[in-house]
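**Student:** If you scroll down you'll find the structure; I have some questions about it.
The values are calculated or read from the model by the stated rules, or taken from the named source; none is laboratory data. The structure presented is a predicted model; accordingly, all values stated were derived computationally and were not measured. Using ideal geometry, Cβ is built from the backbone for each residue, glycine included, and neighbour counts are taken over all protein chains shown. Areas reflect the complete protein model, heavy atoms only, side chains present, ligands, DNA and RNA absent. Shrake-Rupley method; radii C 1.70, N 1.55, O 1.52, S 1.80 Å.
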Amino acid sequence: MKYELLKTEGRAKRGRFHTVHGVIETPVFMNVGTVAAIKGAVSTDDLRQIKTQVELSNTYHLHVRTGDKLIKELGGLHKFMAWDKPILTDSGGFQVFSLAGIRKIKEEGVTFNSHIDGRKIFMGPEESMQIQSNLGSTIAMAFDECPPALAERKYVEDSVARTTRWLHRCKAEMARLNSLDDTINKEQLLFGINQGAIYNDIRIEHAKTISELDLPGYAVGGLAVGESHEQMYDVLDHVVPYLPQNKPTYLMGVGTPANILEAVERGVDFFDCVYPSRNGRHGHVYTNHGKLNLFNQKFEKDMRPIEEGCGCPACRTYSRAYIRHLLKAKEMLGMRLCVLHNLYFYNTMMEEIRDALDAGMFATYKKNKLASMEAGED
Ligand SMILES: [Zn+2]
């Protein structure tokens, strides 16, 4: 289990991460399947066609509906969803703090109400690790609190200190779980999460502290939650240099193609975001000449694919006019084709980024890609 740093260009990293479920070439975009499926009727067979390397599932959602114990009984998440490549599960923390009706945050953990049936649930570091161990994901994320980006300094300091104490408990619990006989994935990896809102000094201190735990990877969390893009880039400029360069660096929940290019330049090599699937479900599709809204009247007679030369299942066969018709008629296929195209676009962009880094041409690639996307269609 190791991360090979193959090449750097400035701070940008081209890596290869070896896991029990296969190799992850980085920079990588992980495709978000909240409840063990990407919204938009995308199957695991589809994922193989659209160059998905890592599927991401949400611990909180799987815990409250269907349940991790049942999934363990059925052989774990990989077997359950018929996907044999890497899966990353989040800790549930983000959803607990954003979706669920929070009742109390204590040192032990958080009591909250399920957004499905309102029942009272307790989750702390140990519970989060147990749920993720039951799911048997490749990479488990530490249980943390994600304070609002614009939270007051004192609140952020206290929260980050607790997140550090929780990280020690996550590490100990994961080691215990990985040593049990009936654990599905005994090689499960734990990534720590850096927090600190937009206070660079708090984030830097926290990054130094958690780096000492020698975990297999580290994430920057608590961004893309209300701060500006410039603030996000500023945090990355300051904090990434304090995270281990010879481990994966994961920017959680980010972002647009431009955000990803900027973050790669700053040393990030793992990403995830709901934008491509969410936008696809609304008929918004990404191209190398900017984003298109397929509901627009001007595509009514447009028999071109979403993007000329795109190898995705939508563009290989169907026209903008047909997909627009499907979307207008509320046919599920319209939504599905847009989601497939968007994920393919993101996964292909990551492939281009890796190729550019291999060739020592990332800076040029980034400049051209951004200019082309900003210029729009003729
Ligand atoms: Zn396409």
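**Student:** How far is the Cα center of the range 342-378 from the Cα center of the range 117-194, in Å?
**Tutor:** With the range 342-378 and the range 117-194 each reduced to a Cα centre, they are spaced 34 Å.
**Student:** Within a Cβ distance under 11 Å of M252, other residues only, what is the Lys/Arg minus Asp/Glu net charge? Please list the in-between numbers first.
**Tutor:** On the way: positive: none; negative: D90, D144, D272.
Neighbourhood net charge equals -3.
**Student:** If you roll a 1.4 Å probe over the heavy atoms of the protein chains, what accessible area per residue do you get for the range 280-369, in Å²?
**Tutor:** 48 Å²
**Student:** Return, ordered by residue number, the residues of the range 5-48 whose backbone nitrogen is under 19 Å from a label point located 7 Å along Cα→Cβ of A363.
**Tutor:** 7-14
**Student:** Specify the inter-centroid distance of the range 28-65 and the range 200-256, based on alpha-carbon positions, in whole Å.
**Tutor:** The range 28-65 and the range 200-256 have Cα centres spaced 24 Å from each other.
**Student:** By how many degrees, 0 to 90 and rounded to 10, does the Cα axis of helix 332-358 deviate from the longest principal axis of the chain?
**Tutor:** Roughly 80 degrees between the two axes.
**Student:** Any chance you could give the angle, 0 to 90 degrees and rounded to 10, that helix 125-135 forms with the longest Cα principal axis of the chain?
**Tutor:** On a 0 to 90 degree scale, this one is about 50.
**Student:** Leaving out ligands, DNA and RNA but keeping every protein chain, what accessible area does S128 have, in Å² rounded to the nearest 10, with a 1.4 Å probe?
**Tutor:** About 0 Å², rounded to the nearest 10.
**Student:** Could you give the spread of the C-alpha atoms of the range 134-250 along their three principal axes, from largest to smallest, in whole angstroms?
**Tutor:** 46, 28, 23
**Student:** Please list, by residue number, every one of the trypsin sites (Lys or Arg not before Pro) in the range 59-135 that is coil in DSSP and has at most 12 other beta-carbon atoms within 10 Å.
**Tutor:** Sites meeting the loop and neighbour criteria: R65, K106, R119.
**Student:** Per residue, how much space in cubic angstrom lies within the convex hull of the C-alpha atoms of the range 22-164?
**Tutor:** 132 Å³
**Student:** Round to the nearest 10 and give me the degree value, 0 to 90, for the angle of helix 362-375's Cα axis relative to the longest principal axis of the chain.
**Tutor:** 60 degrees
**Student:** With the radius of gyration and the Kirkwood radius both derived from the Cα set of the range 280-369, what is their ratio Rg to Rh?
**Tutor:** In the range 280-369, Rg relative to Rh is 1.05.
**Student:** Let me ask another. Pulled fully out, how much extra length does the chain show between D237 and A258, if you take 0.36 nm times their separation in residues and subtract their Cα-Cα distance?
**Tutor:** 6.0 nm
**Student:** May I pose another question? When the gyration tensor of the chain is built from Cα positions, what are the square roots of 5 times its three eigenvalues, in whole Å, from largest to smallest?
**Tutor:** They are 33, 25, 20 Å, listed from largest to smallest.
**Student:** Here's something else I'd like to know. Considering only DSSP beta bridges with both partners in the range 161-299, what is the antiparallel share in %, to the nearest 5?
**Tutor:** 30 percent
**Student:** Could you check the spin-label model distance between S228 and K154? Points 7 Å from the Cα along Cα→Cβ, value in nm.
**Tutor:** In this crude label model, S228 to K154 measures out at 2.8 nm.
**Student:** Next question. Loop-only check: which GluC sites (Glu not before Pro) in the range 310-378 are DSSP coil with at most 11 other Cβ within 10 angstrom?
**Tutor:** Numbers: sites: E331, E351, E352, E374, E377; in loops: E331, E377.
Here the sparse-neighbourhood loop sites are E377.
**Student:** Determine, at each q value in 0.14, 0.29, 0.31 (inverse angstroms), the log₁₀ of I(q)/I(0) that the Debye formula gives when each Cα of the range 254-307 is one equal point scatterer.
**Tutor:** Here log10 of I(q) over I(0) equals -0.47, -1.18, -1.25.
**Student:** Could I ask something else about it? Mind putting together the pair-distance distribution for the range 319-378? All Cα pairs, 5 Å bins, whole percent per bin, short to long.
**Tutor:** Reading the bins upward from 0: 4, 16, 16, 17, 16, 13, 10, 6, 2, 0.
**Student:** Once phi is turned into θ = phi - 60°, what whole-Hz ³J(HN,Hα) does the Karplus curve with 6.51, -1.76 and 1.60 give for every residue of the range 269-275, x standing for Gly and Pro?
**Tutor:** Couplings: 9, 10, 9, 8, 6, 7, 3 Hz.
**Student:** Here's a follow-up. Among the DSSP beta bridges whose two residues both lie in the range 2-273, what percent are antiparallel, rounded to the nearest 5?
**Tutor:** Taking every DSSP beta bridge within the range 2-273, about 45 percent pair in antiparallel fashion.
**Student:** Restricting attention to the range 268-333, which trypsin sites (Lys or Arg not before Pro) occupy a DSSP loop and are surrounded by at most 13 other Cβ atoms within 10 Å?
**Tutor:** Answer by residue number: K301, R316, K330.
**Student:** Around V96, under 11 Å between beta carbons, what's the net of Lys plus Arg minus Asp minus Glu among the other residues?
**Tutor:** Cβ neighbours under 11 Å give a net charge of -3.
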